[in-house]
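Trainee: Okay, here's the structure, questions in a sec.
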Amino acid sequence: MLELYYGIGTCAVASHIALEEAGAQYKAHRVDMKANQQNSPEYLAINPKGRVPALVTDQGVLTETPAILAYIAQIFPKANLAPLSDPFAFGQVQAFNSYLCSGVHISHSHGGRGARWATEDSSLQDMKRKVPENMRAGIAMIEQNMLRGPWVMGDAYTVCDPYLFTVGTWAKGDGVDLDAFPKVAAHRERMKQRPAVQRVMDQQKA
């Protein structure tokens, strides 16, 4: 059975939703990030990076959200969470998720985890000041160039959608008003109506 290690409010929400959408049989283990459980010896034995998500499979452990989302889409093909039969379209799914991972998520992380990149207080404060600007730029890119329809890829729901939803949960705290981005805001409201999303968000409150 698959086992997902996740943290409240983290990017692991995307993988959690994808597992629910796929109808997967899995166990979810909450990692208490505030208590630094991600750096405990027990968790580091699972994911030496000390981050979430981590997905334990019968072949080993997968980390990094884009990889986990692609894996879920491929092992549950009947769930139709990615255009698996079209290499280019699947590449576009990967490109979108990689943009969130390597671009938007990094902009968000500069707010609370700047110590990964700098030690001087002036540098940390400068990174924090840039978060709203950088996050708005990332969401504007999605709004104007990447969100194709009711769902990220157009008419078909894919693993891109829970990832965008997850990033959207950070917007307010990062000083971004999603009302300025009507397509992204409407996408978020559609996501909230999905039973899989509701189940996962209920666990986020627990």
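Let's see how each residue does on (1) touching a residue at least 24 places away in the same chain (Cβ under 8 Å); (2) touching a helix residue (DSSP H, G or I) at 6+ places or on another chain (Cβ under 7 Å):
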position	(1), (2)
GLN144	no, no
ALA156	yes, no
VAL167	yes, yes
VAL176	yes, yes
HIS187	yes, yes
MET191	yes, yes
ALA196	yes, yes
GLN203	yes, no
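Trainee: Counting only residues that are assigned to a strand (DSSP E or B) and not small (Gly, Ala, Ser), how many does the range 35-61 have?
Mentor: Qualifying residue count, the range 35-61: 4.
Trainee: I would also like to ask the following. Name the one entry in THR10, THR65 that is among the hydroxyl-bearing types (Ser, Thr, Tyr), farther than 18 Å from VAL152 by Cβ and not assigned by TED's automatic domain parsing to the domain that holds ILE139.
Mentor: Testing whether each residue is among the hydroxyl-bearing types (Ser, Thr, Tyr), farther than 18 Å from VAL152 by Cβ and not assigned by TED's automatic domain parsing to the domain that holds ILE139 leaves just THR10.
Trainee: A further question on this structure: Could you check the range 1-22 and list, in sequence order, the residues that are part of a strand (DSSP E or B) and either closer than 14 Å to THR166 by Cα or under 9 Å from the mean Cα position of the chain (by Cα) (or both)?
Mentor: TYR6
Trainee: Another one. Which of (1) in contact with a helix residue (DSSP H, G or I) (Cβ under 8 Å, 6 or more places away or on another chain); (2) under 18 Å from SER98 (Cβ atoms) is the odd one out, the single condition ALA67 does not satisfy?
Mentor: Among (1) in contact with a helix residue (DSSP H, G or I) (Cβ under 8 Å, 6 or more places away or on another chain); (2) under 18 Å from SER98 (Cβ atoms), ALA67 violates only (1).
Trainee: Residues of the range 40-60 being under 28 Å from GLY111 (Cα atoms), more than 12 Å from the chain's Cα centre (by Cα), surrounded by 14 or more Cβ atoms within 10 Å (Cβ to Cβ) and not small (Gly, Ala, Ser), which ones?
Mentor: TYR43, ILE46, ASN47, ARG51, LEU55
Trainee: Moving on to the next point. Would a scan of the range 73-80 turn up a residue that is at negative phi, outside the structural domain of ALA137 (by TED's automatic domain parsing), surrounded by fewer than 20 Cβ atoms within 10 Å (Cβ to Cβ) and touching a strand residue (DSSP E or B) at 6+ places or on another chain (Cβ under 7 Å)?
Mentor: Checked against the condition, which is being at negative phi, outside the structural domain of ALA137 (by TED's automatic domain parsing), surrounded by fewer than 20 Cβ atoms within 10 Å (Cβ to Cβ) and touching a strand residue (DSSP E or B) at 6+ places or on another chain (Cβ under 7 Å), the range 73-80 yields no hits at all.
Trainee: If you don't mind, another one. Could you figure out which of (1) closer than 13 Å to ILE17 by Cβ; (2) among the charged types (D, E, K, R); (3) in contact with a His (Cβ under 7 Å, 6 or more places away or on another chain) isn't true of ASP174?
Mentor: Going through the list (1) closer than 13 Å to ILE17 by Cβ; (2) among the charged types (D, E, K, R); (3) in contact with a His (Cβ under 7 Å, 6 or more places away or on another chain), ASP174 breaks only (1).
Trainee: Which one of TRP170, TRP117 is modelled with pLDDT of 95 or more and among the aromatic types (Phe, Trp, Tyr)?
Mentor: TRP170
Trainee: Report yes if some residue within the range 147-163 is among the acidic types (Asp, Glu) and touching a strand residue (DSSP E or B) at 6+ places or on another chain (Cβ under 9 Å); otherwise report no.
Mentor: yes
Trainee: Listed residues GLY138, GLY149, GLY175; which is outside the structural domain of ILE68 (by TED's automatic domain parsing), closer than 24 Å to ILE68 by Cβ and of a type in the set (Gly, Ala, Ser)?
Mentor: GLY138
Trainee: Next up: For the range 88-206, give me every one of the helices (runs of 4 or more DSSP H) that falls completely inside it and has 1 or more residues that are more than 30 Å from LYS34 (Cβ to Cβ).
Mentor: Of the helices (runs of 4 or more DSSP H) lying wholly inside the range 88-206, those with at least 1 residues that are more than 30 Å from LYS34 (Cβ to Cβ) span 121-141, 182-192.
The values are calculated or read from the model by the stated rules, or taken from the named source; none is laboratory data. Just so we're clear, the structure is a prediction, and the values are computed from it rather than from any experiment. Neighbour counts run over all protein chains shown; Cβ positions are idealised from the backbone, glycine included.
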